[in-house]
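The values are calculated or read from the model by the stated rules, or taken from the named source; none is laboratory data. Since the model is a prediction, treat every value here as computed from it, not as a measurement. Virtual Cβ from ideal backbone geometry, glycine too; neighbours counted across all protein chains shown.
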Amino acid sequence: MLVLTPGEIPEMVFCMGDSGDEESTERGLLTRRQAAALLALGTTGALASWTDRVHAATWERIDDEHGIEVFKKDLPNTPLHAFRGRGLVAASMGRLIWVMGDNVHRTEWVDRLKKSVILEQEDAYSSIVYQQFSTPALVAERDFVYRARARSRSDGSALLEIASVAHPKAPPTIGVRGELRDTSYLFIPQGPDSTLVDVTVVTDPKGSLPKWVVNLIQKSWPMNTLTALREHVKKPFVGSLPPPPRR
């Protein structure tokens, strides 16, 4: 059994850019509920520059409910905060990896996801995915094209790495093409039917959303994500996969 201390678990950084051509429609027109829906677009390794900033600050725990902890850090030279979420899920690592690769039922648990298409299945644990997300009124819809690739690690854990890519089969954007940067899910077995899930994400949905919207919603994103995952793995159709290959 592998159990990590807080200092050994990767951080979550959820960041949104403020550049784009939608300033006239997005700035000042979002309610808190609309902002919450929009930030559901993102789903958790940071780029090197962000990692340096995260490690330079101190974590502050801001939430702890039902065994799910959420932390934040102030980042230097930016109004954005860093956030991290971790919690136990009552399921084997194999079931969780199956859920991550299940495209058929993905719209049932990923908030605001309208459409998910596999553009290319590279192998059983790697695929290129196109996704569309609905957004609140007055905000352009977002879509993403990314590679999701799982690999086993020497300590028995598994890492699902997600990052935006270009692909010839990707359709034109429906509104604004967002970017996923080094997003990952880390799965650490704690027993036959228990897994510690640690989520890391750097997501830029582009456009020109105000920074207060980003910070307002980031604090609840880890809790909401892990809570939804806990419920989804209980469904009877959920299967299981063996550990992914070492890469």
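Beta carbons closer than 6 Å, at least 6 apart along the sequence or on distinct chains, pair a first residue in segment 177-189 that is of a type in the set (A, V, I, L, M, F, W, C) with a second that is modelled with pLDDT under 90 and surrounded by fewer than 19 Cβ atoms within 10 Å (Cβ to Cβ) for Ile188/Leu2.
For segment 120-128, the count of residues that are on the phi < 0 side of the Ramachandran plot, surrounded by fewer than 19 Cβ atoms within 10 Å (Cβ to Cβ), modelled with pLDDT under 95 and outside any strand (DSSP E or B) is at least one. Looking across segment 141-164, the residues that are under 15 Å from Gly178 (Cβ atoms) and surrounded by fewer than 19 Cβ atoms within 10 Å (Cβ to Cβ) come down to Glu141, Arg147, Ala163, Ser164.
Selection of segment 129-139 for residues being more than 21 Å from Ala163 (Cα to Cα) and surrounded by 19 or more Cβ atoms within 10 Å (Cβ to Cβ) yields Thr135, Val139.
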